[in-house]
Amino acid sequence: MSVKIELLNSLLNKKDFRCGKEMLDNYLHTQASQDVKRKLCVVFVLFDETTIRGYYTLSNASIPSKLIPKAIKRKMPQSYEVLRVTLLGRLAIDIKFKGQGLGSIILVDALKRSYEIANHSLGSIGVIVDPLDSDAVAFYEKFGFIVLPDSGKMFLPMADIAELTF
Ligand SMILES: CC(C)(COP(=O)(O)OP(=O)(O)OC[C@H]1O[C@@H](n2cnc3c(N)ncnc32)[C@H](O)[C@@H]1OP(=O)(O)O)[C@@H](O)C(=O)NCCC(=O)NCCS
């Protein structure tokens, strides 16, 4: 298996991707390329030849500082009402390839990329996700994401990402 992770391009077969969550399938089939053109996000795909096995999206975002856990907020300027973060908006693996470690591979790729961007190009205190359901919450919890109460979001500080062994 020689999988690569690169930006989405028009040579790849988007239409046969199925992850079991229709919303995430439809997004890749019909909207992802448009969002990229409009600079709403970037889409990275894990693929083999022209088969897309998984994808994720990244964009800039901000969250109200009151959502951030106290221990982290204490270290931030108290006057900042919003804090800049990186949004891992969508992440999915094709159902045919589930349970083979590809979800971990693309999540780690997304975290590593977010960390490098935050270090060198664009400030961000951490990565947030909007898990679709309790399965997704359980998946992200395995990697250290914490639930931000009353927001539907989960958060992983850049300081924790720095400590992951990539
Ligand atoms: C969630 C998803 C990305 C996992 O992909 P995958 O390739 O099957 O995951 P991996 O094989 O890399 O598993 C990585 C680890 O997460 C665990 N895991 C996978 N899915 C899980 C789930 N739903 N709940 C809890 N843990 C999960 C695995 O057991 C594994 O743990 P281990 O290393 O201790 O064995 C995939 O099932 C998917 O695309 N689901 C539909 C879309 C979705 O829910 N996306 C999440 C964000 S909205």
Just give me the residues in the stretch 33-71 being part of a helix (DSSP H, G or I) and more than 26 Å from residue 158 (Cβ to Cβ), in sequence order.
33, 34, 37
Which of the following residues is under 20 Å from residue 62 (Cβ atoms) and either in contact with a Pro (Cβ under 6 Å, 6 or more places away or on another chain) or among the polar types (S, T, N, Q) (or both): 121, 134?
121
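Going through the stretch 26-46 one residue at a time, which ones are without any contact (Cβ under 8 Å) to a residue 40 or more places away in the chain and of a type outside the set (A, V, I, L, M)?
Those that are without any contact (Cβ under 8 Å) to a residue 40 or more places away in the chain and of a type outside the set (A, V, I, L, M): 26, 29, 30, 31, 33, 34, 35, 37, 38, 39.
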State yes or no: is residue 20 surrounded by fewer than 12 Cβ atoms within 10 Å (Cβ to Cβ), farther than 20 Å from residue 128 by Cα, within 16 Å of the ligand (Cβ to nearest atom) and not basic (Lys, Arg)?
no
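For every residue, the table says whether it meets (1) of a type outside the set (Ser, Thr, Tyr); (2) surrounded by 16 or more Cβ atoms within 10 Å (Cβ to Cβ).
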| site | (1), (2) |
| --- | --- |
| 80 | no, no |
| 89 | yes, yes |
| 93 | yes, yes |
| 96 | yes, no |
| 102 | yes, yes |
| 111 | yes, yes |
Restricting to the stretch 117-158, what's the tally of residues that are exposed (fewer than 12 other Cβ atoms within 10 Å of the Cβ) and not in a loop (DSSP other than H, G, I, E, B)?
5
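Filter the stretch 109-166 for residues that are more than 10 Å from the ligand (Cβ to nearest atom) and among the basic types (Lys, Arg); which is nearest to residue 20 (Cα to Cα)?
Filtering first and then ranking leaves 153.
We did not get these values from a lab; they are worked out from the coordinates using the rules stated. Quick caveat: nothing in here was measured; it's all calculated off a predicted structure. Counting neighbours? That spans all protein chains shown, and the Cβs are built from the backbone with ideal geometry, glycine included.
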